Amino acid sequence: MHWSGELRRPGRYGEDAWRDGPVEALAVVLSRCDLEEAIVLADSIIHLGLADGATVLSTFANAPHRVRAWATLIDGRAEAGGETIARLRLLEVGIHATPQFRLPGAGPYDLRCGPSCLMEIDGRAHHDDPVAFERDRAKDLVARLWGYDVVRITYRQLRDDWPACVAAVRASTGC
């Protein structure tokens with residue numbers, strides 16, 4: 001949550017007059033936060049349909065000079081912030097990752113890393129759902145038939161043990 005100090009904005013009325021919309025929030029983030037936070041927010045705004053890509057790009061173009069080049073990292077396909085974080089971190093170590101890669105017979109994977117690796121980032125709720133657990137194992141069997149290795153990580157591993165995650169992707173891709 002961010003407080004700008006301005007209680008009411010011109011042209012806004014009612015009980016939500018004090019709230020900023022997603023594009024205004026992005027402008028604040030671009031003035032104060034780091035690259036990961038900015039791109040996670042931009043990707044989420046686009047993916048959720050809260051604003052179109054042109055509007056988000058315009059917000060970057062009007063942002064402080066130090067962050068304008070970050071706009072080249074916006075993708076908008078990620079379904080969760082962890083996917084964007086992993087994509088950015090993989091790119092940082094020289095591994096290109098494609099979000100929401102669809103594999104025939106298996107459906108979408110969070111990321112395709114290099115030519116032979118698929119990454120899934122699973123949250124706690126996902127692990128506790130027996131139907132999702134079985135579905136994911138079935139997806140992984142299909143991926144193996146297509147010649148892909150699947151690297152499944154938790155959000156905690158993404159956050160706290162990123163070097164191990166990169167090592168697993170490198171072992172799978174040969175990168």
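The values are calculated or read from the model by the stated rules, or taken from the named source; none is laboratory data. What you see is a predicted model; the values in this text were computed from it and never measured. Using ideal geometry, Cβ is built from the backbone for each residue, glycine included, and neighbour counts are taken over all protein chains shown. Surface areas here come from the heavy atoms of the whole protein model, side chains and all, with no ligands, DNA or RNA. Shrake-Rupley method; radii C 1.70, N 1.55, O 1.52, S 1.80 Å.
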For region 64-71, indicate whether the set of residues that are in a helix (DSSP H, G or I), more than 29 Å from GLU120 (Cβ to Cβ) and among the charged types (D, E, K, R) is non-empty. yes
The lone condition THR98 fails out of (1) surrounded by fewer than 17 Cβ atoms within 10 Å (Cβ to Cβ); (2) at pLDDT below 95 is (2)
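Looking at region 137-150, can you tell me whether even one residue there is of a type outside the set (D, E, K, R), part of a helix (DSSP H, G or I), in contact with a helix residue (DSSP H, G or I) (Cβ under 7 Å, 6 or more places away or on another chain) and without any contact (Cβ under 8 Å) to a residue 40 or more places away in the chain? Outline the logic, then answer.
Residues of region 137-150 that are of a type outside the set (D, E, K, R), as a first pass: 138, 141-143, 145-148, 150.
From the residues that got through so far, the ones that are part of a helix (DSSP H, G or I) too are 138, 141-143, 145.
In the following step, the residues that additionally are in contact with a helix residue (DSSP H, G or I) (Cβ under 7 Å, 6 or more places away or on another chain) were identified as none.
For region 137-150, residues of a type outside the set (D, E, K, R), part of a helix (DSSP H, G or I), in contact with a helix residue (DSSP H, G or I) (Cβ under 7 Å, 6 or more places away or on another chain) and without any contact (Cβ under 8 Å) to a residue 40 or more places away in the chain: absent.
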Within region 61-79, can you find the residues that are open to solvent by less than 50 Å² (accessible area, probe 1.4 Å) and under 11 Å from ASP110 (Cβ atoms)? ALA78
Specify which of the listed residues (ARG89, ARG156) is at pLDDT 95 or above and either in a helix (DSSP H, G or I) or open to solvent by 20 Å² or more (accessible area, probe 1.4 Å) (or both). ARG89
Looking only at region 131-141, decide whether some residue is in contact with a strand residue (DSSP E or B) (Cβ under 6 Å, 6 or more places away or on another chain) and either of a type outside the set (Ser, Thr, Tyr) or open to solvent by 20 Å² or more (accessible area, probe 1.4 Å) (or both). yes
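Would you mention how many residues in region 38-54 are of a type outside the set (A, V, I, L, M) and surrounded by 15 or more Cβ atoms within 10 Å (Cβ to Cβ)? Full working, then the answer.
Initial filter on region 38-54 (of a type outside the set (A, V, I, L, M)): 43-44, 47, 49, 52-53.
Narrowing the set further to residues that are surrounded by 15 or more Cβ atoms within 10 Å (Cβ to Cβ) leaves 43-44, 47.
Counting residues in region 38-54 that are of a type outside the set (A, V, I, L, M) and surrounded by 15 or more Cβ atoms within 10 Å (Cβ to Cβ) gives 3.
Output the number of residues of region 101-111 satisfying the condition of being part of a strand (DSSP E or B) and surrounded by fewer than 20 Cβ atoms within 10 Å (Cβ to Cβ). Quick ask: steps written out before the conclusion?
Filtering region 101-111 for residues part of a strand (DSSP E or B) gives 101-103, 107-111.
Right, trim to surrounded by fewer than 20 Cβ atoms within 10 Å (Cβ to Cβ) and you get 101-103, 107-108.
Final tally of qualifying residues: 5.
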Checking PRO163 against (1) modelled with pLDDT of 95 or more; (2) under 29 Å from GLU37 (Cα atoms); (3) open to solvent by less than 90 Å² (accessible area, probe 1.4 Å): exactly one of these is not met. Which one? (3)
